[in-house]
Every structure is written in C-alpha cells, then in structure tokens.
Amino acid sequence: MEKIKVVVAGPRGKMGAEALRMIEKQEDLELVACLDHKYEGKKISEIDELPAMDAVIYTDIQKCFDSVNADVLVDLTTPEFGYLHTKTAIQNGVRPVVGTTGFTDEQLEELTELSEEKGIGVIIAPNFALGAVLMMQFAKWAAKYFPDVEIIEKHHDNKLDAPSGTAVKTAQLIKEVRESKKQGHPDEKETLQGARGADMDGMKIHSMRLPGLVAHQEVVFGSKGENLTIKHDSFHRESFMTGVKLAIDQVMKLDILVYGLENILE
Ligand SMILES: NC(=O)C1=CN([C@@H]2O[C@H](COP(=O)(O)OP(=O)(O)OC[C@H]3O[C@@H](n4cnc5c(N)ncnc54)[C@H](OP(=O)(O)O)[C@@H]3O)[C@@H](O)[C@H]2O)C=CC1
Ligand SMILES: O=C(O)C1=N[C@H](C(=O)O)C[C@H](O)C1
C-alpha cells in the first residue's frame, strides 16, 4: 500500500501534537517531516511528550520541501504562518490541509486562485469536528425560518484569533440563506464599547476566552415566544482528528481549494 506522506506544521502545539498521535496510529499515513520555528534538525522523538517518531524538524519550509518527498502539509500553527505555509506548499506541489484559523477573506481568495492556477488540492476547514460541522449545517437550516440569531463562541484563553473561525464560517453559512437584517432595537446604543459583540451582516458574534474551556459554540435563534439553541462542545482535541484524517485522504483527490469540511462529507 502506497502511504500518504505527511508534513505537520506546529507539531508541539495542542492540535499539532494530537495530529502526530493520530498519524502514528494510521497504517496509510507516514509522517515524513515537521515544520517548527525551533529545534531545527531534531527528531520528533527527541522532544518531550511527543510520540516516538523519527521525522525530522525543519524551520525553513522551502528547505523542508526540497529535502523530503511530501504529499500533504497539515498546518496547525498561527494565522500569519499558516497562510505563508499554505502558499509555499501549493507552489511546491504539496497539498495543504489547513486547520489554522484567522485567515482574511483576501488571503482565502488569493489561495483559492493559486490553487486553481497550479491545479493543487487544498482543504481549509475552520472546524474538523464532525459535530461542529453538523451544528453549522443545522444553524444554516434554522436561519431560513429564524432570521434573528446571535452566535456565542467560547474557547480556551490561549486562542489568538477572535471571533473563532467556526463562528465566522457559521455566520457566512447563515448569510447564504438569510436576508441582511439589523437586529435588536433600531435605536440601541452601547454605553460600553463592544457590549453587543461583533457584527456580521447584522448578526452578533460574542467571543468568550477562559481557562478550562476547549472549543464550544451556541447559535441562538429568537422568534415570537420561542428560542432555539444549537450547541456544540469539543471537550478534547481528539474530536478534531476524524476530520483531519478525512481531509488528508480527500485532498489527494482534489485539484481546487475547498473551504469547509461539509464540502467533502458524503
Ligand atoms: N480547524 C480545526 O478544527 C481547529 C483549528 N484550530 C486552529 O489551529 C491552530 C493551532 O491551534 P492550537 O494547536 O490550539 O495552538 P497552539 O498555540 O497550541 O499551537 C501552535 C503551534 O504552532 C507553533 N508555531 C508558531 N509559529 C510557527 C511557525 N512559524 N512554524 C511552525 N510552527 C509554528 C507554535 O510554537 P510556539 O508555541 O513555540 O510559538 C505552537 O507549537 C489555531 O489557528 C487554531 O485556531 C484549533 C483547533 C481545531
Ligand atoms: O483555537 C481553537 O482551539 C479552535 N479553533 C478553531 C476555530 O477558530 O473555530 C476550531 C475550534 O473551535 C477550536
């Protein structure tokens, strides 16, 4: 069996380390290298608390792709480096599977065009948890009937981007079916800046950051005399790994950029 050769960017991170543990268990995946901004030349097995894997760490992405034969780059880093890694991977004919959130619309557009120009498959998924993907789809469905909606996302306090990629994607999906609408009282005024949250097309997004949280979201719909709440919780980062594996398999069959795991679920 030909194994899919994978590079993981961000191997010491919470998600990167979980991805290594997932890859270690798969017979059809091979970790061929990792990308980090430290520990050049060290093996993954030499880093505390990482699995006993022989893959070598590179700090220069071009050197990495020149040195190893890679099929897929799994990026789980930061918005700034995730974007640069994705772009460089496409230019080198390596298919990116990107979990990193916080890309701008312009960056997504540029990567979409580059992927099309080079004919290289890319999957960017703001959330790899299957339950979260369903939560977003259910929210899109509900928004057809309940146009008044607010999104509350709750994450651990080491998160760099706000709102979360999942909250943005949820609002984008709702926007596809809901007419633009300003919510709340037409004359409402914030006496403390930010009290009503971020605004996307009239929808409000509230971001909570607290120790102890992992990744949680509630989409709350309001109508006359009733509320509907659609809620998802990731209590452990293992929740994202079914989606990461699925994306690695599917990206091998793509020649365009796909944004959102719902587009590759059967
Ligand atoms: N799509 C999904 O389902 C999910 C997406 N995410 C997203 O994944 C990303 C990572 O999350 P998480 O693991 O929690 O974050 P962490 O901060 O735990 O991990 C990020 C890792 O990237 C490393 N890093 C920073 N710069 C570079 C670089 N230039 N090259 C390589 N590695 C680098 C960091 O190193 P150091 O600490 O030394 O700076 C750190 O080890 C975030 O954008 C998050 O939003 C998270 C969960 C699920
Ligand atoms: O940073 C995180 O932890 C997560 N990030 C993603 C996001 O921004 O939506 C996915 C998940 O919510 C966990």
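The values are calculated or read from the model by the stated rules, or taken from the named source; none is laboratory data. Since we're looking at a predicted model, the values are computed, not measured. Every residue, glycine among them, receives a Cβ derived from its backbone with ideal geometry; neighbour counts consider all protein chains shown. For accessibility, only protein heavy atoms count, side chains too; no ligands or nucleic acids. Shrake-Rupley method; radii C 1.70, N 1.55, O 1.52, S 1.80 Å.
Taking amide H as placed 1.01 Å from N in the peptide plane, Asp148 has its amide H under 5 Å from the amide H of Gly222, each at least 5 places away in sequence or on another chain. For the range 34-42, putting each phi into the Karplus relation 6.51 cos²θ - 1.76 cosθ + 1.60 with θ = phi - 60° gives couplings of 10, 10, 9, 9, 9, 6, 3, x, 6 Hz, in residue order, rounded to whole numbers and with x for Gly and Pro. This model, with +1 at the C-beta of Lys and Arg and -1 at the C-beta of Asp and Glu, gives the range 1-148 a dipole about its Cα centre of some 320 debye.
If you wrap the Cα atoms of the range 2-61 in a convex hull and average its projected area over all directions, you get 3.7 nm². Taking amide H atoms as placed 1.01 Å from N in the peptide plane, the amide H of Asn127 lies under 5 Å from those of Leu261, each 5 or more residues away in sequence or on another chain. Value of Rg to Rh for the chain, rounded to two decimals, is 1.00; Kirkwood radius and Rg both from alpha-carbon coordinates.
Taking the C-alpha atoms only, the angle from helix 165-177 to the longest principal axis of the chain is near 50 degrees. With the convex hull constructed from alpha-carbon coordinates only, the range 159-216 shows a mean projected area of 5.0 nm² over all directions. At R0 = 51 Å, how high is the FRET efficiency between Glu188 and Glu49 if r is their beta carbon distance? Nearest 0.05 is fine. Rounded to the nearest 0.05, the efficiency is 0.55. The protection proxy used here, the mean number of other Cβ atoms lying within 10 Å of each residue, ranks peptides 107-115, 92-100, 256-264 as follows, highest first: 92-100, 256-264, 107-115. Binning the C-alpha pair distances of the range 113-187 at 10 Å intervals from 0 yields a P(r) profile of 16, 38, 31, 14, 2, 0 %, listed from the shortest bin outward. So what's the gap between the Cα centers of the range 142-186 and the range 24-56, to the nearest angstrom? With the range 142-186 and the range 24-56 each reduced to a Cα centre, they are spaced 37 Å.
Taking only the Cα atoms of the range 185-237, the ratio Rg/Rh comes out at 1.03, with Rh defined as the Kirkwood radius. Placing one equal scatterer on every Cα of the range 129-241 and applying the Debye formula, the log10 ratio I(q)/I(0) at q = 0.12, 0.22 Å⁻¹ is -0.42, -1.28. Under a straight-distance cross-link criterion of Cα-Cα below 14 Å, which aspartates and glutamates are reachable from Lys169, leaving out those fewer than 8 residues away in the same chain? By straight Cα distance, Lys169 reaches Asp105, Glu150, Glu153, Asp161, Asp199, Asp201, Glu218, Glu262.
What the chain shows is 51 Å² of accessible area per residue, with the surface traced by a 1.4 Å probe over protein heavy atoms.
Per-residue extension of 0.36 nm, minus the Cα-Cα distance of Leu265 and Ala198, leaves a gain of 21.1 nm for this segment.
Rounded to the nearest 10 degrees, the angle from helix 79-91 to the longest Cα principal axis of the chain is 50 degrees.
Output the pairs from Lys118/Lys175; Lys3/Lys140; Lys25/Lys118; Lys204/Lys224 with a Cα-Cα distance over 28 Å in this structure; if there are none, say none. Over 28 Å apart, Cα to Cα: Lys118/Lys175; Lys3/Lys140; Lys25/Lys118. Computed from the Cα positions only, the extents of the range 1-133 along the three principal axes stand at 39, 37, 33 Å, in decreasing order.
The alpha-carbon of Lys63 sits under 13 angstrom from the alpha-carbons of these aspartates and glutamates, leaving out residues fewer than 8 places away in its chain: Asp36, Glu40. Sorting the segments 186-195, 147-156, 36-45 by their mean number of nearby beta carbons within 10 angstrom, highest to lowest, gives 147-156, 36-45, 186-195. About its Cα centre, the range 92-154 has a charge dipole of approximately 420 debye under the convention of +1 per Lys or Arg Cβ and -1 per Asp or Glu Cβ, with nothing else charged. Per atom type, the chain shows carbon and sulfur on 49% of its accessible surface, probed at 1.4 Å.
With θ taken as phi - 60° and the Karplus curve 6.51 cos²θ - 1.76 cosθ + 1.60 applied, the whole-hertz 3J(HN,Hα) list for the range 203-217 is 7, 9, 10, 10, 10, 10, 10, 9, x, x, 7, 10, 8, 9, 8 Hz, x standing for glycine and proline. Dipole magnitude for the chain: about 580 debye, using +1 per Lys or Arg Cβ and -1 per Asp or Glu Cβ, origin at the Cα centre.
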